[in-house]
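What follows is a short report on a single structure.
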Amino acid sequence: MELLTHILGAIATVILAFVVGMSYGGIVRKITARVHNRIGPPWYQNFIDAFKLYGKTTAIHHGWMQIMGPAFLMVSSVVTLMFIPVLTNGGWFPNLNFEGDLIFLLYLMVFGPLGMALGAGQTGNPNSAIGVTRGLSQMVGFEIPWVMALVALMIQFDTTSITGLMEAQAQSGTWNMFSSPFAFIAAVLAMLGMFRYSPFDIVGAPTELASGPVSENGGKYLFTMMSSGSIFAFVKLTLYVDIFMGGADNLVILLLKTFSIYMIPVLYGIVSPRYRTEQAIRFFWGWPLFFGVLALIYASIF
Amino acid sequence: MEMIYLIFIIFLGGAVATYLLGKINGVLRDITFLATLIVPAVLFYTQVSIGQTVDFSMSGMNLQWGITDFGYIFAYIVLGLGVLAGIYAVAAMKGKENLGFFYSNYILSIMAMMGILFSRDLVSFFIFWEIMTWSSYLMVVFSGKDVQKVGIKYFIFSAVGAYAMLMAIVTTYSLTGSMMIDSLVTAYPGFDFSMQLLIPILLLIGFGVKSAMMPLHVWASGSYSHAPMAYTAVFSGALSKMGIYGMIIVIVSLVSQIPEGHWFREVIAWLGGITAVGGTLWAVAQDDAKKLLAYSSVAQLGYIIVGVGVGTPLAMLAALFMAVMHGLFKGTLFMAVGAIEKQTGTTNFTEVTGLIRKMPLTFLASLMSIIALAGIPPLGGFIGKWMLYESLVGSDHYMLVIVVFFSSTAAFLYCYKFLFGFFLGQEEPEWAHVKEAPAMMVVPMIIMAIGSFILGVFPGLILNPIDAGLQELGYASTQGRYWEMSMLFNEWGDKVVLQPILYTIIAVFVFFFVFVVAKNFKKTRYVSTKDISSSGEIPKAHENLTFSRGFFQPFLRAVEPLMKHQIDPLYTGFGRGMEAIFDFVRRIYTGNGQTYALYAIIFAVLLLIFKNQLFGL
Amino acid sequence: MINDKNSQKIVDIIQNWARKQSIWVLAYGTGCGAIEIPPTMTSRYDAERLGVRGAATPRQADVLLITGYLTTKTLKRVIRVYEQMQDPKYVIGFGSCTINGGMYYDSYNTIKVLDKYLPVDVYINGCMPRPESVLAGFGKLQELIGNGEANGATKYKENLEWYRANQKKIIPNWVMPEYNW
């Protein structure tokens, strides 16, 4: 019986993450359009796109790794989702969130992009490989302030588990974004790179790399990548909410919190042009790193 | 007869026999070689019990051999990797010249490493250490290329390490009057402070050379890439761990006993961290797979040194676990490079591409090892990294954890470069003839890859002996406190449960594999890698569009300031300076009789002038 | 039991609706007409509100937009791009040049009638067509897709020999992979 609840809960979580991620993507397109003084597509445009992509023929493959790539990505997204506490008390989404911790999550998140990178590599398109190298380089950039923020939290609360951090916030009554502000700033700056909106959209770069890693993937491949990307966006947002904003008791609060934090990279991105790769890396090793160090000092003193 | 003697007699006799048979019959030689590796391994695991010792005296010196719990962990690496790499070597080296010499050196290396683990006294320890150095030196120069540059470098550094170690041993003897390691440990707290500092530093120079610690690492990239790959698997996987073995004994048994030991360990940990970052960045910059893996070995040994330096129980568990894992995955990767070298004749990423469909099993083994190397769950590398981070955070090394994390993230770059460079990218007609490597080469790789998978899910299998070994060194038992069979705990009691992770991954993976991948694979048809969207242009068969030159150029540009300072030119400058001094000294001996006569006269005049001062007349 | 034919029909209707609402365009800037694409996509006319969006590579695209005259040299590339696109796919001929050669009616190095080489679903008249007419063209294509009448790709597959013969007449050094899906 417990197993059944877990499985049903897992399926519910995946569906929730998919729907929320996709809708957010559509809303972002709408917001971008409004900022550009356009009308923009309806908020459900991403669902239509995904459905259309799923309906397209997928007639070719460049080898089994190309097909495995999107599957890797999807597996990584779903498994990572399983280890994120969606709601504070579990509720309808029990999952496995007591079995892992932050460092584990950091490494699990890399699983998908690496598989995806292998899939992109096998297509033989030089643009794919260039996109992948840019993505990996950028990742090295933003992981440093991000890890600094996480380590600061770990020091401050003497725990590495996400549920532990959420409990600590519930007990003290303040969110971590107020009790450790520097860590929050560093994490948010790192988040700009994590979501790959401008100016950090150097991986896809449609006009420059012909969409980079996905350039040889259409149809179902692209559908898988798009949906796992949406799930992954939800995962990252929920993680931020969990560790910095005290988690959420119910779905409405969760949506409110995730959406408000999602707006940071989106709004920053809309008004920004694109960086070159080394500029992007150096950006993260400038102010974000400074705030990360401040966070570490703050955490080790208090 | 004592089983320990028998093992060494088999090793020695096998080494000689292989060398002699190498001149007569190839098949007999191969069989003898394998038997010499496998029989002692079997004997060791079945007949030798932990704590059993044999004593004998040689010219007035009391020697003692026996295996401890702590040595047993390393024996796993040495014998396991030794046997598997030996099987691989038979296939990999087929058709090369001078094989008897290669095999007997190989056996001598394994024997020397076992000897180091068995030695309970410093004399036999030093003798085996020298045998190990010599046999590995002969392997480095085996190909006969660049002996001057690479071989001599390795030799000089090894010699410096050996002299430092010899000095420490002699000092110990003069202070304690005994050659036993145990008596050194017991007498150590009674030494005066300068000796307390001198002995560990001298010993650490010796061990640091072998484990490629920061200023002593410059030999590693050249030597690892120059030795035959079948041997490099052992060289990097097992031989470098001997340095770690010694280092742990020195740091834990000696340095920890003095109050200043804390700072000493901090320095070692930071040296390890810097080694990790430097090794990783240089690995990213390499275009040759052997060099890349060599630098990556340096970086991985850096993590281990960090764990040893930090020295909390969790950090030690992490370091030793990573030592075992590094033997597994780096051994596999070197073997894979060897297989590719054998099949294609080159190991340069800019030359060979698109082997995935030609060598799928090698790719699979490399993929699993790379995942382990990168530390991605559910493979074993993750366990070591996790424990290392947790121990660093738990023991207040906040900056060090960032440094290690930076190095570990940057490692993804070279991981991808390795896989992409060899296996992915455009398939070239130039490599159309390439076939999968022979079964004898593939099977050891696959076994080791599966091994790293099993250790990733059941780390308790190897953490159990490690725990016993740590108790031997005086740590409290960590039984159930930090780990269980498939569970990890940190200092605060937070845990990672590995089995649900595995189940989830497998379940989701199977779901997608069955419903998406397998279905799609059947329905779609294969097109060559020339059929890509390149602006409507159709690449010709000989046009190589693979992106392999300047692979991480932007990244390297961004980290340029970090890579500007190298230690190598310093050593070269030092060498040049010494050469100049020697050259000047040499000029005194002109070979001209009149000059010598002049020297004699000047000497006599000087004597006359200073005779009062000199002789007090 | 669900009637297979009827259920397929329902799926088709839903799929056609999705296809019509989401058109990813590969704008192959062959001629001067490409200059009309930016205004169509950006704030003034905003094609994205109709679900029209640029695609970066042929693998992801639904619509191939031939913007203007097509030189004989470019034709080969265009054919290649078209054949790399995945079904269902559509072609829009953009400007007079694709209909009858337009102002290049007597040029020696442009093709005159695009339909002889690629199956065109919708023509947009004009030299150049203004963004309004481009949007009207997209609207027409959406209407056709919705009714399931935009079947240029099927036509191409059925009459491949005829198309190939025409193409080979223009392109002397014909080195192309076979089109077989």
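Quick notes on this structure:
- Residue match in region C:16-24 (condition: in contact (Cβ under 8 Å) with a residue 24 or more places away in the chain and within 14 Å of chain B (Cβ to nearest Cβ)): yes
- Tally of residues being part of a loop (DSSP other than H, G, I, E, B) and within 14 Å of chain C (Cβ to nearest Cβ) across region A:177-213: 6
- Reported count of residues in region B:490-505, each being more than 17 Å from B:L392 (Cβ to Cβ) and in contact with a strand residue (DSSP E or B) (Cβ under 6 Å, 6 or more places away or on another chain), is 2.
- Only one of A:V241, A:V293, A:V214, A:V266 that is surrounded by fewer than 24 Cβ atoms within 10 Å (Cβ to Cβ) and either under 15 Å from the mean Cα position of the chain (by Cα) or closer than 30 Å to A:Y54 by Cα (or both): A:V266
- When residues of region B:333-389 are limited to those that are within 12 Å of chain A (Cβ to nearest Cβ) and among the hydroxyl-bearing types (S, T, Y), the one farthest from B:T546 (Cα to Cα): B:Y389
- Complete set of residues in region A:10-47 that are in contact (Cβ under 8 Å) with a residue 60 or more places away in the chain and over 24 Å from A:S198 (Cβ atoms): A:A10, A:A12, A:T13, A:V14, A:L16, A:A17, A:F18
- Against the numbered list (1) in contact with a Pro (Cβ under 8 Å, 6 or more places away or on another chain); (2) surrounded by fewer than 22 Cβ atoms within 10 Å (Cβ to Cβ); (3) under 25 Å from B:E537 (Cβ atoms); (4) not basic (K, R), C:Y45 comes up short only at (3).
Every residue, every condition in (1) exposed (fewer than 11 other Cβ atoms within 10 Å of the Cβ); (2) assigned by TED's automatic domain parsing to the domain that holds B:E351, yes or no:
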residue: B:I506; (1), (2): no, yes
residue: B:F509; (1), (2): no, yes
residue: B:F513; (1), (2): no, yes
residue: B:K519; (1), (2): no, yes
residue: B:E537; (1), (2): no, no
residue: B:M563; (1), (2): no, no
residue: B:I581; (1), (2): yes, no
residue: B:V585; (1), (2): yes, no
residue: B:T590; (1), (2): no, no
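- Scanning region C:32-84 for residues that are outside any helix (DSSP H, G or I) and among the polar types (S, T, N, Q) yields C:T42, C:S43, C:T57, C:Q60, C:T67, C:T71.
- Matching option when the condition is closer than 28 Å to B:Q499 by Cβ, of a type in the set (V, I, T), surrounded by fewer than 18 Cβ atoms within 10 Å (Cβ to Cβ) and at pLDDT 85 or above, among A:I39, A:I7, A:I15: A:I15
- Count of residues meeting criterion [outside any helix (DSSP H, G or I) and either within 26 Å of A:S300 (Cα to Cα) or free of Cβ contacts under 8 Å to residues at least 60 places away in the same chain (or both)] in region A:121-175: 7
- Sole residue being touching an Asp or Glu at 6+ places or on another chain (Cβ under 8 Å) and within 22 Å of C:R53 (Cα to Cα), chosen from A:G204, A:G229, A:G269: A:G269
- Among (1) closer than 30 Å to A:A117 by Cβ; (2) in contact (Cβ under 8 Å) with a residue 40 or more places away in the chain; (3) more than 13 Å from chain A (Cβ to nearest Cβ) - the single one B:F551 does not satisfy: (3)
- Verdict on B:F552 being more than 27 Å from B:G327 (Cβ to Cβ) and buried (at least 20 other Cβ atoms within 10 Å of the Cβ): yes
- Test: residue in region B:510-532 that is facing chain A (nearest Cβ under 7 Å), in contact with a His (Cβ under 7 Å, 6 or more places away or on another chain), part of a strand (DSSP E or B) and modelled with pLDDT of 75 or more: yes
- Every listed requirement among (1) part of a helix (DSSP H, G or I); (2) within 14 Å of another protein chain (Cβ to nearest Cβ); (3) touching a residue at least 60 places away in the same chain (Cβ under 8 Å) is met by A:E216 save one, (1).
- Any chance A:L53 is more than 12 Å from chain C (Cβ to nearest Cβ) and either polar (S, T, N, Q) or in contact (Cβ under 8 Å) with a residue 60 or more places away in the chain (or both): no
- B:V605 being surrounded by fewer than 10 Cβ atoms within 10 Å (Cβ to Cβ), over 31 Å from the mean Cα position of the chain (by Cα) and more than 30 Å from B:F423 (Cα to Cα): no
- Enumeration of residues in region A:133-142 that are within 8 Å of chain B (Cβ to nearest Cβ) and surrounded by 24 or more Cβ atoms within 10 Å (Cβ to Cβ): A:T133, A:R134, A:L136, A:S137, A:V140, A:G141
- Region A:263-297, subset of a type in the set (V, I, T) and assigned to a helix (DSSP H, G or I), residue farthest from the other protein chains (Cβ to nearest Cβ): A:I264
The values are calculated or read from the model by the stated rules, or taken from the named source; none is laboratory data. On a predicted model such as this, the values are computed, not experimentally measured, just so you know. We place every Cβ from the backbone using ideal geometry, glycine too, and count neighbours over all the protein chains shown.
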